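First comes the structure, then the notes that go with it.
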Amino acid sequence: MVALRVLGLETTCDETAAAVVELRPDGLRTILSNRIRSQDEEHRRFGGVVPEIAARAHVDVLDGMIRDAMAEAKMPLSALDGIAASAGPGLIGGVLVGLTTAKALAMGLNKPLLAVNHLEAHALTPRLTDQVNFPYLLLLASGGHTQLLAVKGVGDYVRLGTTIDDAIGEAFDKVAKMLSLGFPGGPAVERAAEGGDSERFAFPRPLLGKPEPNFSLSGLKTAVRLAAEELQPLHERDVEDLCASFQAAVVDCVIDRVRRGIRAFRQQVGNPSALVVAGGVGANRAIRQALQRSATEAGLRLVVPPPRLCTDNAAMVANAGIERLLLGKTDGLDFAARPRWPLDEARAAPGARA
Ligand code: KG4
Ligand code: ZN
């Protein structure tokens, strides 16, 4: 086998990214370049991502980022074996920017197009950073999604549990917003929590003990808001304690839900090769540490990609492109962007239980 090199593009939310990943004949995957530009500045004053601003910002910088990614990888575009882009799910304007650019490159260079599911790119990241075999249990926790999935193969996912309201990242973002900690919220809440007392507020742990491995965050978020309103005006100490108590409640929920997820996996699929975490929330140290305890308790290896590969990036898209290329799963230039695109597509089809 010769080496495979794929360019990946990521534009589904507020990060513009371009990266080149190489699969060597010995099976080793190497990130040759991984350029990323966050639009935090553009969105900060709105306290969240504004889709129209995001799409325009992607248009402004994507070409230059591809040039930089190729220069850093020290190869011409003609040396690529495929062009991958996140084709959804995400903000449609941004998705179109990345996908259309990938199509143009694929057509101009006469290379295969790989239309990647952004969630699949997160889900397969542990196979880029660590050699993880299928099947594994994945906690996918980002700003838009919180799911426990059995990853049985590329394109073969069974959803064991999901959030019935907010995603974990979304809850972090909302708590940050109500405490005026800025955007993006996850890292800000984590920082504030460091100095805080996690036992000052007894926040609820929704769904704790329920057998189905689902999540619920909205009641917890409301409890934080009520406590914050009662304390007005908030002092720094209050904010730190609110964040620490909130994060501790999330950690307890994650531990309990993952424990149920492992049980469901063993009943429905068999023994997982690892417990894997992907998505931006995987960057949170308290959650990582808690998951390490859960994994150890269950006799499983825990794999968490480094924070910069947990949050949105293009190396994960290039990596998913390589996985699909290896299986001959290439896409036509008529592939339509998908604002919604569940991972367990067959099971989530109309008529199936979502
Ligand atoms: O995967 P990602 O970069 O984007 C998508 O949502 O696809 O995840 C971003 C989410 C945001 O909600 C952000 O607040 C959260 O991940 N996040 C964190 C941390 N870093 C990012 N949440 C908690 N602690 C963190 N350190
Ligand atoms: Zn993401």
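The values are calculated or read from the model by the stated rules, or taken from the named source; none is laboratory data. Quick caveat, the model's predicted, so the values are computed rather than measured. Virtual Cβ from ideal backbone geometry, glycine too; neighbours counted across all protein chains shown.
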Handout entry: Verdict on Arg293 being away from ligand 1 (no atom under 12 Å from the Cβ) and either part of a loop (DSSP other than H, G, I, E, B) or surrounded by fewer than 22 Cβ atoms within 10 Å (Cβ to Cβ) (or both)
Key = yes
Problem - Of all residues in the range 1-26 being β-branched (Val, Ile, Thr) and away from ligand 1 (no atom under 15 Å from the Cβ), the one that is surrounded by the fewest Cβ atoms within 10 Å (Cβ to Cβ) - result: Val2
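Those residues that are surrounded by fewer than 21 Cβ atoms within 10 Å (Cβ to Cβ) and within 19 Å of the chain's Cα centre (by Cα), I need them from the range 51-63; list them, please.
Our first condition is that a residue be surrounded by fewer than 21 Cβ atoms within 10 Å (Cβ to Cβ); within the range 51-63, this holds for 51-53, 55-56, 59-61, 63.
Scanning the range 51-63 gives a single hit, Pro51.
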Practice task
Under 6 Å between Cβ atoms, at least 6 apart or on separate chains: pull out the pairs that start in the range 135-157 with a residue that is touching a residue at least 12 places away in the same chain (Cβ under 8 Å) and end on any residue that is within 16 Å of ligand 1 (Cβ to nearest atom) and charged (D, E, K, R).
Solution key: Gly143/Glu170
Practice task
Looking for whichever is assigned to a loop (DSSP other than H, G, I, E, B) and within 21 Å of Ala167 (Cβ to Cβ) here; the options are Pro206, Pro187, Pro211. Which one fits?
Solution key: Pro206
Problem - Matching residues in the range 145-165 - criterion: being within 16 Å of ligand 1 (Cβ to nearest atom) and surrounded by fewer than 19 Cβ atoms within 10 Å (Cβ to Cβ) - result: Asp165
Problem - First in the range 59-73 and at pLDDT 95 or above, second anywhere and surrounded by fewer than 16 Cβ atoms within 10 Å (Cβ to Cβ), Cβ under 8 Å, 6 or more apart - result: Met70/Pro76; Met70/Leu77
Problem - Check on Gly195, modelled with pLDDT under 95, outside the structural domain of Thr330 (by TED's automatic domain parsing), more than 14 Å from Asn284 (Cβ to Cβ) and away from ligand 1 (no atom under 12 Å from the Cβ) - result: yes
Practice task
State yes or no: is Ala69 buried (at least 24 other Cβ atoms within 10 Å of the Cβ), within 16 Å of ligand 2 (Cβ to nearest atom), assigned by TED's automatic domain parsing to the domain that holds Asn313 and on the phi < 0 side of the Ramachandran plot?
Solution key: no
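One line per residue, one yes/no per condition, for (1) within 16 Å of ligand 2 (Cβ to nearest atom); (2) of a type outside the set (A, V, I, L, M, F, W, C); (3) within 20 Å of Ala336 (Cβ to Cβ):
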{"site": "Ala121", "(1), (2), (3)": "yes, no, yes"}
{"site": "Leu124", "(1), (2), (3)": "yes, no, no"}
{"site": "Asp130", "(1), (2), (3)": "no, yes, no"}
{"site": "Asn133", "(1), (2), (3)": "no, yes, no"}
{"site": "Leu139", "(1), (2), (3)": "yes, no, no"}
{"site": "Ser142", "(1), (2), (3)": "yes, yes, no"}
{"site": "His145", "(1), (2), (3)": "yes, yes, no"}
{"site": "Tyr157", "(1), (2), (3)": "yes, yes, no"}
Practice task
Would you please list the contacts, defined by Cβ atoms under 7 Å and residues six or more apart or on different chains, that run from a residue in the range 296-316 that is in a helix (DSSP H, G or I) to a residue that is within 11 Å of ligand 1 (Cβ to nearest atom) and among the β-branched types (Val, Ile, Thr)?
Solution key: Leu309/Thr125; Met316/Thr125
Exercise for the section: Look through the range 172-183, keep the residues that are assigned to a helix (DSSP H, G or I) and in contact (Cβ under 8 Å) with a residue 40 or more places away in the chain, and return whichever of them is surrounded by the most Cβ atoms within 10 Å (Cβ to Cβ). Expected result: Phe172
Problem - Answer residue from the range 122-144, given it is more than 14 Å from the chain's Cα centre (by Cα) and of a type in the set (Val, Ile, Thr) and is farthest from ligand 1 (Cβ to nearest atom) among those - result: Val132
Practice task
Out of the residues in the range 175-185 that are at pLDDT 95 or above and within 10 Å of ligand 1 (Cβ to nearest atom), state the one that is farthest from Ala228 (Cα to Cα).
Solution key: Ala176
Exercise for the section: Among what's in the range 273-285 and is assigned to a loop (DSSP other than H, G, I, E, B) and surrounded by 24 or more Cβ atoms within 10 Å (Cβ to Cβ), pick the residue that is nearest to ligand 2 (Cβ to nearest atom). Expected result: Gly279
